[in-house]
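Scroll down for the structure; my scribbles are underneath it.
The values are calculated or read from the model by the stated rules, or taken from the named source; none is laboratory data. Treat the numbers as computed from the prediction; the structure is a model and nothing was measured. Heads up, the Cβs are rebuilt from the backbone with ideal geometry, glycines too, and the neighbour counts pull from every protein chain shown. The protein model used for the area step is the full one, side chains on, heavy atoms only, and it has no ligands, DNA or RNA in it. Shrake-Rupley method; radii C 1.70, N 1.55, O 1.52, S 1.80 Å.
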Amino acid sequence: MTSSPTVPAFTLTRPKGAPLAPSPLYTELRAKQPISRVSLWEGQLSPWLVTRWEDARTVLGSPAFSTNPTHPGAPTFRKDTPQGRRGFFANHDDPVHATMRRTLTREFMVKRINELRPAIARLTDELLTEMTKLSGPTDFVEHFALPLPSLVICELLGVPYEDHAFFQEHSKAIVDFNATAQKAEQALASLSEYLLGLVETKRTKPGNDVITRLAAQADEGVITDQDAADLGAFLLFAGHETTANMIALSTITLIAHPDQIPHILGGEEQVAGAVEELLRYVSIVHGGLRRTAVEDVTIDGVTIRAGEGVIIPVHVANRDPELFTAPDDLDLDRANARQHLAFGYGIHQCLGQPLARAELQIVLPEIFRRLPELKIAVPMDEIAFKQDTVVYGVVELPVTW
């Protein structure tokens, strides 16, 4: 089959008038040329763009594709992207990926995450109480959406929350497409150095937390101290940046769809389903999930050669009408919403998804129970959306109630 023509340039920008929707260009490609060539930064080999849900899942579930960004032809976010440390296992294939992931599997089992639910509920109540003491338009991101998951991940890991400004600042550099590779690497190194000190502290002052248990695994020779630190740094940055943006964008979405709010205020099962639909509809993975073929693979009649890169724009695949009826509509009662790819698919599917679900299931209903008159204090076109970061979100969100 003849290769699809190259799209002039791959852009992440979502439409200003519909900031959660995919670019119309990719919606059109999904319908007409679902596996297409795109061009990235100057000098980058042109990777494939996979826009259909079924094809996306095929790529994500196949061992014929690697997540290693150092492969020649890998569709990296910036030039000179390093593979990174072993603890940042999302950029590694097996056996490193499996070894590192296995050290954390028990920490994110549903049973263990359920034990955190009372703490999440308590923190939610405390932050909303403090926020409602303020007068005038208040930044929802600063006073609630960002501190809530930061506090939760600190409690889980055993990281002092008073250091949150430090790790939030460095997390921004990691996910910013405009940051140089050197700046991103320096941010990673700073986070890792901070966690290395904490690993040593936990040896003398252990707690019931992830870092203490990673330190114990290092003592047993399962991993190194550096691995333990890097695993902690990875969880620290991933565990608050993603959920913070998901909380803010979900809140915007629900305010814009007041008829859907009763679904988020229903029973446990109804709330769980509503959260899945929000994960599908919002799709905060902004830069696309990226892979490189390690062998020739034919998908939907298109042959992707070994060494060629693939980008999967999750927010496009999650609105595939072949799977989701009226995909551009928010339907919190959607029966098959959980088939979304918001957490990826296959062996690299997000390890922390039970925690993210728990936070959203607790937080979103409480927001609208406590603040039934919650409103955005500025016109939608004045909200600054994060167009140049790995994780989509908003810079700030002025609200009144």
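Quick look at the numbers
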| item | result |
| --- | --- |
| Considering residues of the stretch 160-206 that are at pLDDT below 70 and assigned to a loop (DSSP other than H, G, I, E, B) only, the residue surrounded by the most Cβ atoms within 10 Å (Cβ to Cβ) | Ala179 |
| The stretch 251-275 residues that are over 18 Å from Ala335 (Cα atoms), paired with ones that are part of a helix (DSSP H, G or I) and among the small types (Gly, Ala, Ser) (beta carbon under 8 Å, 6 or more apart) | Thr251/Ala145 |
| Subset of the stretch 282-317 that is more than 19 Å from Ile35 (Cα to Cα) and assigned to a loop (DSSP other than H, G, I, E, B) - its residue that is most open to solvent (accessible area, probe 1.4 Å) | Ile284 |
| Single residue of Asp259, Asp300 found to be in contact with an Asp or Glu (Cβ under 6 Å, 6 or more places away or on another chain), over 30 Å from Leu188 (Cβ atoms) and not aromatic (Phe, Trp, Tyr) | Asp300 |
| Set Arg102, Arg106, Arg86: member being touching a residue at least 60 places away in the same chain (Cβ under 8 Å), of a type in the set (Lys, Arg) and either surrounded by 13 or more Cβ atoms within 10 Å (Cβ to Cβ) or more than 25 Å from Arg370 (Cα to Cα) (or both) | Arg86 |
| Conditions (1) within 14 Å of Val314 (Cα to Cα); (2) touching a helix residue (DSSP H, G or I) at 6+ places or on another chain (Cβ under 8 Å): number failed by Glu54 | (2) |
| Options Asp320, Asp381, Asp333: the member that is open to solvent by 30 Å² or more (accessible area, probe 1.4 Å) and either within 22 Å of Pro47 (Cβ to Cβ) or assigned to a loop (DSSP other than H, G, I, E, B) (or both) | Asp333 |
| Meets criteria (closer than 18 Å to His97 by Cβ, touching a Lys or Arg at 6+ places or on another chain (Cβ under 8 Å), in contact (Cβ under 8 Å) with a residue 12 or more places away in the chain and open to solvent by less than 30 Å² (accessible area, probe 1.4 Å)) for Asp209 | no |
